[in-house]
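To start, the structure under review is shown below, and the notes come after it.
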Amino acid sequence: FLGFLGGLIALLTPCVFPMIPLTVSFFTKGAQNRKRGLTNAILYGLFIFLIYVLLSLPFHLIDTLDPEILNNISTNVPLNILFFIIFVVFAFSFFGYFELTLPQSWSAKMDDKANSIGGVVGIFFMALTLAIVSFSCTGPILGSLLGGSLTSDGGAMQLTFGMGGFGLALALPFALFALFPNWLNSLPKSGGWLNTVKVVLGFLELALALKFLSNADLVAHWGILKREIFIGIWVIIFTLQGLYLIGVIRFPHDGPKKKPAKPRFGL
């Protein structure tokens, strides 16, 4: 469920949202007949789902070699501190200070294969290209999912369910909009609101980062991050988020300053 929720949030980011109408139009208009276009779009969605499930398979191998390894990770102080630092880096990436991307040569190579091979294999490489290109937005959300799974008792199977839910949420729109192309007209236009979603996610990443620092603090008995301090930091983070939503705080990729709409005040 949390993986599915993460996938729905990832859909509302600047790397994924604009791709929905473009890709659906490509399948429905580029195919020789509507039935073939629908089949290709559904295959594309299925491959997106499978790619994210396959990403969790190495953790099953690790789990098989040593069933306790994932539990050991959850109580490992250096690893929890590393997760904390990674989450802070993810947050600043969402704030727009820099972009975390996979090498451009990877996406170019996958795109070439999709164009040259065609057919079912070509559609698979198209799905893989989307996964690589959208990494700067989906990576931090997937990192949250990975970190949450590794520091709980669910093991590799919980991670697979999480990744499956994430892939399903990303895949569904491509299949549904291909089945009902008229729905595309009701999609909101891309714009500054997509960057707002990213920045809000950045604040959430900062808040989640404290969980890992708290894990390290509890295991090492430092007594630094007591409950009151933890809650106090959360109050500061979400106050800053509120100030951002009403336009007091600005970030690098924000559009022209406007009077905040009522939903933003509500949020």
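Accessible surface of the chain, 1.4 Å probe: 70 percent of it comes from carbon and sulfur atoms.
When the chain is described by a simple charge dipole with +1 on each Lys and Arg Cβ and -1 on each Asp and Glu Cβ, the residue from I233, C137, G3 located farthest towards its positive end is C137. Summing Cβ point charges (Lys, Arg +1; Asp, Glu -1) relative to the Cα centre of the chain gives a dipole of roughly 1320 debye. With protein chains left intact and a 1.4 Å probe, residues in region 139-267 average 54 Å² of accessible area per residue.
Quick one: check the C-alpha center-to-center distance for region 4-49 versus region 149-225, whole angstrom. After rounding, the separation between the Cα centres reads 19 Å.
Ranked by the mean number of other Cβ atoms within 10 Å of their residues, highest first, the peptides 157-167, 243-253, 37-47 come out as 157-167, 37-47, 243-253.
The stretch between H60 and N185, if pulled fully straight at 0.36 nm per residue, gains 40.8 nm over its current Cα-Cα span. Per residue, the average separation of C-alpha pairs within less than 8 Å and at least 6 apart gives the chain a relative contact order of 34 percent. So how tilted is helix 77-95 from the main axis of the chain? Cα-based, degrees 0 to 90, rounded to 10. Between the helix axis and the principal axis of the chain, the angle is about 50 degrees.
For the chain, the longest principal axis of the alpha carbon atoms and the long axis of helix 135-150 meet at an angle near 50°.
The values are calculated or read from the model by the stated rules, or taken from the named source; none is laboratory data. All values derive from a computational prediction rather than experimental measurement. A quick note on method: Cβ atoms are made from the backbone with ideal geometry, for glycine too, and the neighbour counts reach across all protein chains shown. We work out accessible area using only protein heavy atoms, side chains counted, and drop any ligands, DNA or RNA first. Shrake-Rupley method; radii C 1.70, N 1.55, O 1.52, S 1.80 Å.
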